[in-house]
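S.K.: Here it is, the structure, as structure tokens.
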Amino acid sequence: MDRYIDNGETQVYGPQFSANLRRMFTDAGPVRTFMLWCAEQLDAQTAVMGDAAHAGRAATSTHSASAQEKLPAVQEARGELKTFSLHLAAKKSDRHEDWSGDLELFLPGGISAVGRGARALHVALGVARDALHGDAAVPERAKWLKRLDAQRDALAPLIGQNEDAGHATRAALSEQSGEKRSWLRTYRGVALVLEGVLMMLGRDAEYTAAVPHLTAPGGRKKTDGVPNAPARPSQQPAPA
């Protein structure tokens, strides 16, 4: 992709992308049927990738996520993320609040889907923060932007301190290469399909916001050895 997607991010971007597809195509018909099929293919590959990642992590003994989760900063960050999800759920269910956002965009899969280590929490907080930044209607938005940023800042040193452990983990996960390539092919393929469908429907302006890695910080950065993601519709050459 244009931005390197690490193993943990596949478990964030995969569910978020498939949730976007289900949200965007609700009218009965062949288009919805096809896009739901695409979402199911992505979900299946994400599950395979998740299983492979879990097996790889289990084989790595160096400062594991299970040890990290006991650190006060990690516990506080997880608690803050859970509190934020409860805040959103409460505001959405409150008939006096004028907010009807999609909770799945802020925390795909819920708090239980977030890994235990500092990096996984850091990524999840970033996803929640980006979704919050893009939805000005969220109640108490400014306060929560500051709180999520504070938690990300607190976790950042832990990620840096454990860089060597991260290298060891990535080495242990090298056996995932086949699963990772399959996930990337599916993710990129679904993105290409979505771009074409939206173009045909005259909804191409929705494309960038629907593909998770395109809205992530540094989402347009090139990485050698990883296939390029489809360009935004405005970047495609005009028909001859």
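None of the figures in this text is laboratory data; all of them are computed from the coordinates on show. As the structure is a prediction and not an experimental result, all values here were calculated from the model. Note that each Cβ is placed from the backbone with ideal geometry, even for glycine, and that neighbours are counted across all protein chains shown.
S.K.: When you count, for each residue, the other Cβ atoms within 10 Å and take the mean per peptide, how do 14-21, 189-196 rank with the highest first? Before the final figure, lay out each step's value.
M.R.: Values: 14-21: 23.0, 189-196: 18.2.
Going by the mean number of other Cβ atoms within 10 Å, highest first, we get 14-21, 189-196.
S.K.: Could you tell me the extents of the range 64-161's C-alpha atoms along the three principal axes, largest first, rounded to whole Å?
M.R.: 44, 22, 18
S.K.: So if R0 is 45 Å, what FRET efficiency would Glu97 and Ser177 give, r being the distance between their Cβ atoms, rounded to the nearest 0.05? If you can, show how the numbers build up before the last one.
M.R.: Values: r = 46 Å, r/R0 = 1.03.
Once the sixth-power term is evaluated, E becomes 0.45.
S.K.: What FRET efficiency do you get for Lys146 and Leu71 if R0 is 22 Å and r is their Cβ-Cβ distance, rounded to the nearest 0.05? Show your work: numbers first, answer last.
M.R.: On the way: r = 22 Å, r/R0 = 1.01.
The pair Lys146/Leu71 has a calculated efficiency of 0.50.
S.K.: Quick one: net charge around Phe106, please, counting Lys, Arg +1 and Asp, Glu -1 for every other residue with C-beta under 10 Å from its C-beta. The partial results should precede the final answer.
M.R.: Working: positive: Arg129; negative: Asp102, Glu104, Asp130, Asp135.
Combined, the nearby Lys, Arg, Asp and Glu give -3.
S.K.: Check the range 64-161 and count each lysine pair with an alpha-carbon distance under 21 angstrom, considering only pairs eight or more places apart or from different chains.
M.R.: Qualifying lysine pairs in the range 64-161: 9.
S.K.: Could I ask something else about it? Please give the net charge around Lys91, taking every other residue with its beta carbon less than 9 angstrom from that of Lys91, where Lys and Arg add +1 and Asp and Glu add -1.
M.R.: Details: positive: Lys92; negative: Asp94, Glu97, Glu140.
Overall, the nearby charge balance is -2.
S.K.: Remind me, relative contact order of the range 64-161 in percent, using alpha carbon pairs under 8 angstrom and six or more residues apart? Please list the in-between numbers first.
M.R.: Values: 92 pairs, mean separation 34.9, N = 98.
The value is 36 percent.
S.K.: Summing Lys, Arg as +1 and Asp, Glu as -1, what charge do residues with Cβ under 12 Å from the Cβ of Gly79 carry, Gly79 excluded?
M.R.: It works out to a net charge of 0.
S.K.: Moving on to the next point. Please state the shape class of the range 96-147: rounded when a/c is under 1.5, otherwise prolate if a/b exceeds b/c and oblate if not, all from the C-alpha gyration tensor. Walk me through the numbers before you get to the answer.
M.R.: Working: a/c = 2.61, a/b = 1.69, b/c = 1.55.
Prolate shape, in that a/c is at least 1.5 and a/b is the bigger ratio.
S.K.: Order of Thr215, Thr83 from fewest to most other C-beta atoms within 10 Å? Spell out each step's value before the answer.
M.R.: Details: Thr215 16, Thr83 13.
Least to most surrounded, the residues fall as Thr83, Thr215.
S.K.: Right, here's the next one. Go ahead and run the numbers for FRET between Arg32 and Asp153, Cβ-Cβ distance against an R0 of 41 Å, rounding to 0.05. The partial results should precede the final answer.
M.R.: Values: r = 42 Å, r/R0 = 1.02.
Efficiency at R0 = 41 Å is approximately 0.50.
S.K.: Explain nothing, just the number: dipole magnitude of the range 64-161 about its Cα centre with +1 on each Lys and Arg Cβ and -1 on each Asp and Glu Cβ, in debye rounded to the nearest 20. Write down the numbers at each step before the final one.
M.R.: Working: 14 positive and 13 negative charges, 57 e Å.
For this selection, approximately 280 debye.
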